[in-house]
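Heads up, the thing below is written out as structure tokens.
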Amino acid sequence: MKVIVADDYEIMSREAAKIVAAEIRKKPDSVFALPTGGTPLGLYAELIRMHKEEGLDFSRVSTFNLDEYIGLPDGHESSYSFYMYDRFFNHVNVSRDKIHIPRGLAKDPEEEAATYEWAIKRAGGIDFAVLGIGRNGHIGFNEPKTEFGSLTRPIYLAKRTIEANARFFDGDPDSVPRQAISMGIRTIMNARKVILLASGPEKSRAINQTIHGPVTEMVPSSVLQLHPDCTFFLDRDAAGELKPSPNGFIPGSGTRSMVY
Ligand code: GLP
């Protein structure tokens, strides 16, 4: 595992954007898994800048969002679909027919999840997964105790996640949907390359457990220790509890890299 620790959130976001852009330049028809939440906003903003100022071309890229709430009305401002168009898709040239987000209003969420998993396979699998992380180590909406063999399916949100995500629902936990459709752990682990972004002290415990702890379904993100090509992009606060790497630091400008 490679860990890049940036001095601050902006540098972290820019470093992550460089890797995403490099992937698109190398393979213009790359298939991405994309996250929501507060953390990737800087990454999306930087990718938009690269599109506008440097001509970064998304026209052949396919995207699959990691997850979506079940039951929010169409166009609800807290839905992940609204978030993705508002914060990213409306500002770059991703082809609309290459955007995939689980339909949280599907009549049969089980069937929707199976169709989604199949669509990922049909697209050739995920080349590059971008992840955030929950305070309890969830990735996508794969909460603690999720089986590592899980595929895309409907899930129930953990109480802690409902509380953390209430900030996107006017601070009201009762407005947060109880269920979502999420890619599974195996869906994510099948991606050829994975990066995970984390910022802020409230993520430092989960990050330490992810990188140094045992690989356990109690900390879903710990499974990434088993991924052959996974890089963590952290700001200093998120890296606050990490032990120094036995392999030392690789200095960079505003960042340092560690290999575990
Ligand atoms: C949600 C999403 C996750 C995301 C996590 C962290 O629960 N389902 O994909 O990684 O929140 O969000 P934030 O970046 O806002 O802390």
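Listed by first and then second residue, the pairs linking a residue in the stretch 174-194 that is more than 25 Å from Phe32 (Cβ to Cβ) to a residue that is more than 13 Å from the ligand (Cβ to nearest atom) and of a type in the set (Asp, Glu), with Cβ atoms under 9 Å apart and 6 or more places separating them unless they lie on different chains, form an empty list. Residues that are free of Cβ contacts under 8 Å to residues at least 24 places away in the same chain and either open to solvent by 40 Å² or more (accessible area, probe 1.4 Å) or within 13 Å of the ligand (Cβ to nearest atom) (or both) within the stretch 202-215 comprise Pro214, Val215, listed in sequence order. Checking the stated criteria, Ser204 turns out not to satisfy the condition of being more than 16 Å from Tyr69 (Cβ to Cβ), in contact with a Ser or Thr (Cβ under 6 Å, 6 or more places away or on another chain) and outside any loop (DSSP other than H, G, I, E, B). Of all residues in the stretch 95-108, those satisfying the criterion of being in a loop (DSSP other than H, G, I, E, B) and touching a strand residue (DSSP E or B) at 6+ places or on another chain (Cβ under 6 Å) are Ile101, Pro102, Gly104. Would you check which residues across the stretch 5-44 are modelled with pLDDT under 95 and touching a Leu at 6+ places or on another chain (Cβ under 6 Å) and list them? Within the stretch 5-44, Val5 is the sole residue that qualifies.
Of the residues making up the stretch 50-85, those that are open to solvent by 60 Å² or more (accessible area, probe 1.4 Å), away from the ligand (no atom under 15 Å from the Cβ) and in a helix (DSSP H, G or I) number 4.
Against the criterion of being free of Cβ contacts under 8 Å to residues at least 40 places away in the same chain, farther than 29 Å from Ser150 by Cα and out of contact with any Pro (no Cβ under 6 Å at 6 or more places or on another chain), Asn65 does not qualify. Among the residues of the stretch 137-157, those identified as open to solvent by 30 Å² or more (accessible area, probe 1.4 Å) and either in a loop (DSSP other than H, G, I, E, B) or free of Cβ contacts under 8 Å to residues at least 12 places away in the same chain (or both) are Pro144, Lys145, Glu147, Phe148, Gly149, Leu151. Of all the residues in the stretch 26-37, those that are assigned to a loop (DSSP other than H, G, I, E, B) and touching a residue at least 40 places away in the same chain (Cβ under 8 Å) number 5.
The values are calculated or read from the model by the stated rules, or taken from the named source; none is laboratory data. Keep in mind that what you see is a predicted model, and the values were worked out from it rather than measured. Here the Cβ is made from the backbone with ideal geometry for all residues, glycine too, and neighbour counts use every protein chain on show. Each accessible area value is taken on the protein alone, full model and side chains, heavy atoms only, with ligands, DNA and RNA left out. Shrake-Rupley method; radii C 1.70, N 1.55, O 1.52, S 1.80 Å.
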